[in-house]
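Trainee: Please read through the structure below; I'll follow up with questions.
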Amino acid sequence: MYVAVKGGERAIDNAHRLLAHARRGDPAVPEISAKQISQQLALGVDRVMAEGSLYDRELAALAIKQARGDLIEAIFLLRAYRTTLPRFGASEPVDTGRMAIRRRISAAFKDLPGGQVLGPTFDYTHRLLELAEFTAVEEPVQTPAETMPTPRVTDLLGADGLIEPSPQSIGDVGDLTREPLSFPVERDVRLQNLARGDEGFLLALGYSTQRGFGRSHPFAGEIRLGEVELEIVAEEIGCAVPVGHLIVTECQMINQFKGSAQEAPGFTRGYGLTFGHCERKAMAMALVDRALRARELGEELKGPTQDEEFVLSHSDNVQAAGFVEHLKLPHYVDFQSELGLVRRMRQEFAAATAAREAAE
Amino acid sequence: MTRAAYNFAYLDEQTKRMVRRAILKAIAIPGYQVPFASREMPMPYGWGTGGVQVTASILGPDDVLKVIDQGSDDTTNAVSIRKFFAKTAGVRTTTHTADASVIQTRHRIPEQPLTEAQILVYQVPVPEPLRFLEPREAETRKLHALADYGLMHVKLYEDIARHGHIATSYAYPVKVDGRYVTDPSPTPKFDNPKMDDCPALQLFGAGREKRIYAIPPHTNVVSLDFEDHPFERYRHDAECVLCAAADTYLDEVITDDRGGRMFVCSDSDHCAARRAAGHHGASLSDAPTAIGGEGGRGR
Amino acid sequence: MDDDAPLLIAEGLSKSYGRRLGCRVVSFSIHEGEVLAVVGESGSGKTTLLQLLSGRLAPSAGRVRYRMRDDVTRDLASLGEAERRFLFRTDWGYVHQDPALGLRMAVSAGANVGERLMAVGWRHYGSIRRGALTWLERVEIDAGRIDDTPHTYSGGMRQRLQIARNLVTEPRLVFMDEPTGGLDVSVQARLLDLLRNLVTRFRLAAVVVTHDLAVARLLSHRIMVMKSGEVVEAGLTDQVLDDPREAYTQLLVSSILPP
């Protein structure tokens, strides 16, 4: 028997209650806390901060809990919350050269000033599923507290002119959240777009460049993770004032560039930066950043990763999820029109066929 | 953590000002897509954020708001958005078209003619009428600037050569004020003539694509066609089974698994008003309550 | 209406790419109904010249002037993008060596030819289609192919379709870049014949870039020989080809195998 799915306020309210119930799960199982999520599912929290474009571990953890672990849903929650926050200024650019290093590796050099600091990483683990869930955790090895100078690899190469200088920003920095995207874009807006872009999307695009769809011959010059200081210029005082610390991940990719007759060949850069510990994202971002410079560097366009409009228009998972999932909304009015058209064309086709057969 | 205290209609005043500037620009250039810095809203992109931002920016405390989706006040999306504004703006809401000062709509224009005291806000998924002919924004922007609509003409010609008809049944492109080719949003082409010389202001919001456009009151709006293949409205040729209307856009409702169908006015308010005025369709008494309301069975 | 006034005038046209020279100080004029061939080997600058003349490239020095339909001669550089595009849709044609560049490959032949008509305001489908059919006939394409896309056409047919698409609005000036390049010899001959007839019948002025002297001989009234970006010799086609003055021209002419 037909029941109209025209919903009503009651149906929606009931759906929300069901959702809250499903979110809680079995009441006999202890309720998870946002604090536990923040501590023990830290990398999920980091991703939500990075793509949610908001640095707040507490809120990100809360969003993950509310979203039942769906990270894109959590990112959406954080972004929507971000909209309500007043903006009271812009910070000074963070100086990753002065980072308090937790992890720092370079694939380009065996050893370098500051050393290869492995830090907490999955890289060397064997991916064996640990069935014994609750095991004792050993104390980490204590290292001496002295901090070694840790210059950036790209600065070391740059001193010899082996790599192009880091592009300096000229004029005002664009703001993707205050101006709609308009092509062609400059580096500032490009990096903003990539920084909040979906990790999976950028990962796939970066991967494609390694497989021939626009190759840039990348080396991981440096990946560093740690704390940087956030400073804001207080107008009343007239100088920069520290307002807190952020944990960021930075990736500098070193890429090959075929020099021209006018210029000696040199390495080119790809840059990635994220909130929190998001190595895969920072690396993918650096690969895609470099690929998108194809036109600037006069390279042949061979793959979608080099297509600025393609990449930057589709990198935002909040937009993408919204539009893909909007197909669940009723479309029966438009569909009805299409139905009418197709029915009419079928009638005409049948009539034409019948007329043709009658004539034979 | 304390609950966030929201500004009237959710958006802060700076944002509303930014949106209103875009709206004014849009009104000054009918049919032209004005870029604006769309904000993330509490509903997903693709679910009406553009329309919501436009409405939020024009609502005042004395406005009366109607929200419809697929012509009905009762669909989930319309309910959700109406609740959103009831909560964040505290404005009066209504299902009666005649009583509303602002009507936000998805995919339909109300059957009842609008007045100069009303504003119609459309939710738009893809604002660019040339998008599926030319994916690049940089290129379509140029085409509009140069009034180079060759792509569109070619598409229309090709439709007739191939199908004998212009194969567009909704989101049917129109020329506004003799200048810009515009997408009316996925309204059925049946609704296109209502856009022409309309006394109400028509505003279009695309949140994900970050564009606002407008058709000022009493503007010339023409659906693209050929002289010998003129634009035709399409509606299913039947009367509404509830109110017997023969000139409204009808929804097709499948009633059983043996091919049973009934056709009902898409515009729920219009249909209810007709029924209240004494018009009765063929099967009013047979319709399930959810469609026919108290006039149907199962009361 | 002053038909004796030149249609297109190039004055001191030069184009350089950094230290590399595209072409240098080229000056000439063309009148209605006159066909000028620009010949040279690859790298001679002839294609650069064509791009400068049609406004697709901006010159480093010099200018191009064109007498529009209102009889006013204007500097191309002074036209806005919209005016230039309009010129291209109505009074000019541009035939690419590769027809795929000058056609919409994914839409029907009828749409390809009809597009310009619609661009200038034709709104009657039947008339547009009839216009397209007329031109398909003139370029010797079977009328039954009007709804096929150029993907299904042979190289020669595509080129003829490109010509029809360009001529449908009866332009006064057509630029052609190696119009017979890449086609089989027999197909070339037929195409050249067609072009010659169309040029005469519709009083077209044309600038034809080609490396093939036979094409120049058959189509053009006047010829310009280019080498390394400079005009080496110019004059009436028959005179220059029968009695070349310059050493380079002599070389070009003599390298054609006698029939």
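Trainee: Could you list all residues from the stretch A:117-165 that are part of a loop (DSSP other than H, G, I, E, B), under 22 Å from residue A:95 (Cβ atoms) and modelled with pLDDT of 85 or more?
Mentor: Once the filter is applied, which keeps residues that are part of a loop (DSSP other than H, G, I, E, B), under 22 Å from residue A:95 (Cβ atoms) and modelled with pLDDT of 85 or more, the stretch A:117-165 yields A:119, A:150, A:151, A:152, A:164, A:165.
Residue-by-condition table, conditions (1) part of a loop (DSSP other than H, G, I, E, B); (2) more than 14 Å from chain A (Cβ to nearest Cβ); (3) surrounded by fewer than 22 Cβ atoms within 10 Å (Cβ to Cβ); (4) not aromatic (Phe, Trp, Tyr):
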{"position": "B:83", "(1), (2), (3), (4)": "no, no, yes, yes"}
{"position": "B:105", "(1), (2), (3), (4)": "no, no, no, yes"}
{"position": "B:117", "(1), (2), (3), (4)": "yes, yes, yes, yes"}
{"position": "B:126", "(1), (2), (3), (4)": "yes, no, yes, yes"}
{"position": "B:142", "(1), (2), (3), (4)": "no, no, yes, yes"}
{"position": "B:148", "(1), (2), (3), (4)": "yes, yes, yes, yes"}
{"position": "B:168", "(1), (2), (3), (4)": "yes, no, yes, yes"}
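Matching residues to (1) in a loop (DSSP other than H, G, I, E, B); (2) touching a residue at least 60 places away in the same chain (Cβ under 8 Å); (3) within 13 Å of chain A (Cβ to nearest Cβ):
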{"site": "B:181", "(1), (2), (3)": "no, yes, no"}
{"site": "B:186", "(1), (2), (3)": "yes, yes, yes"}
{"site": "B:190", "(1), (2), (3)": "no, no, yes"}
{"site": "B:198", "(1), (2), (3)": "yes, yes, no"}
{"site": "B:203", "(1), (2), (3)": "no, yes, no"}
{"site": "B:232", "(1), (2), (3)": "yes, no, yes"}
{"site": "B:239", "(1), (2), (3)": "yes, no, no"}
{"site": "B:242", "(1), (2), (3)": "yes, no, yes"}
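Trainee: Count, please, the residues in the stretch C:15-50 that happen to be touching a Leu at 6+ places or on another chain (Cβ under 8 Å), polar (S, T, N, Q) and either surrounded by fewer than 20 Cβ atoms within 10 Å (Cβ to Cβ) or over 28 Å from residue C:218 (Cβ atoms) (or both).
Mentor: So the answer is 2.
Trainee: Got at least one residue in the stretch C:164-180 being of a type in the set (Phe, Trp, Tyr), over 30 Å from residue C:134 (Cα atoms) and surrounded by 16 or more Cβ atoms within 10 Å (Cβ to Cβ)? Spell out how you get there, then give the answer.
Mentor: Here is the first cut: in the stretch C:164-180, the ones of a type in the set (Phe, Trp, Tyr) are C:175.
Imposing the further condition that a residue be over 30 Å from residue C:134 (Cα atoms) reduces the set to none.
Checked the stretch C:164-180: no residue is of a type in the set (Phe, Trp, Tyr), over 30 Å from residue C:134 (Cα atoms) and surrounded by 16 or more Cβ atoms within 10 Å (Cβ to Cβ).
Trainee: Looking at A:344, A:293 in this structure, which one is among the basic types (Lys, Arg), over 26 Å from the mean Cα position of the chain (by Cα) and more than 7 Å from every other protein chain (Cβ to nearest Cβ)?
Mentor: That would be A:344, the only listed residue that is among the basic types (Lys, Arg), over 26 Å from the mean Cα position of the chain (by Cα) and more than 7 Å from every other protein chain (Cβ to nearest Cβ).
Trainee: Does at least one position in the stretch A:85-92 carry a residue that is in a loop (DSSP other than H, G, I, E, B), in contact with a helix residue (DSSP H, G or I) (Cβ under 8 Å, 6 or more places away or on another chain), in contact (Cβ under 8 Å) with a residue 40 or more places away in the chain and not basic (Lys, Arg)?
Mentor: No: zero hits.
Trainee: Search the stretch A:47-62 for residues that are more than 9 Å from residue A:275 (Cα to Cα) and pair each with any residue that is polar (S, T, N, Q) and not in a loop (DSSP other than H, G, I, E, B) when their beta-carbon atoms are under 8 Å apart and the residues are at least 6 apart or on different chains.
Mentor: Partner pairs satisfying both residue conditions: A:57/A:38; A:58/A:38; A:60/A:38; A:61/A:38.
Trainee: Same structure again: What pairs come out if I take residues in the stretch B:127-139 that are closer than 16 Å to residue B:224 by Cβ and pair them with residues that are in a loop (DSSP other than H, G, I, E, B) and not aliphatic (A, V, I, L, M) whose C-beta lies under 8 Å away, six or more apart or interchain?
Mentor: Final answer for the pair search is B:128/B:33; B:128/B:183; B:128/B:209; B:129/B:173; B:129/B:183; B:130/B:149.
Trainee: Follow-up question, since we're still on this one. Before we move on, is residue A:180 loosely packed, with under 13 Cβ neighbours inside 10 Å and either under 16 Å from residue A:310 (Cα atoms) or in contact with an Asp or Glu (Cβ under 6 Å, 6 or more places away or on another chain) (or both)? Steps first, please.
Mentor: Values: loosely packed, with under 13 Cβ neighbours inside 10 Å: no; either under 16 Å from residue A:310 (Cα atoms) or in contact with an Asp or Glu (Cβ under 6 Å, 6 or more places away or on another chain) (or both): yes.
Considered against the rule, which asks whether it is loosely packed, with under 13 Cβ neighbours inside 10 Å and either under 16 Å from residue A:310 (Cα atoms) or in contact with an Asp or Glu (Cβ under 6 Å, 6 or more places away or on another chain) (or both), residue A:180 comes out as no.
Trainee: Among the residues of the stretch A:306-330 satisfying the criterion of being surrounded by fewer than 17 Cβ atoms within 10 Å (Cβ to Cβ) and more than 7 Å from every other protein chain (Cβ to nearest Cβ), which is nearest to residue A:73 (Cα to Cα)?
Mentor: Applying the filter and picking the extreme gives A:324.
Trainee: If you don't mind, another one. Looking at (1) farther than 15 Å from residue C:104 by Cα; (2) of a type in the set (D, E, K, R); (3) surrounded by fewer than 21 Cβ atoms within 10 Å (Cβ to Cβ); (4) at pLDDT 95 or above, find the lone condition where residue C:123 falls short.
Mentor: (4)
Trainee: Would it be correct to say that residue B:264 is among the β-branched types (Val, Ile, Thr) and either within 14 Å of chain C (Cβ to nearest Cβ) or more than 23 Å from residue B:105 (Cβ to Cβ) (or both)?
Mentor: No; evaluated as a whole, the condition is false for this residue.
The values are calculated or read from the model by the stated rules, or taken from the named source; none is laboratory data. No experiment lies behind these values; they were computed from the predicted model shown. Ideal geometry is used to build each Cβ from the backbone, glycine not excepted, and the neighbour counts take in all protein chains shown.
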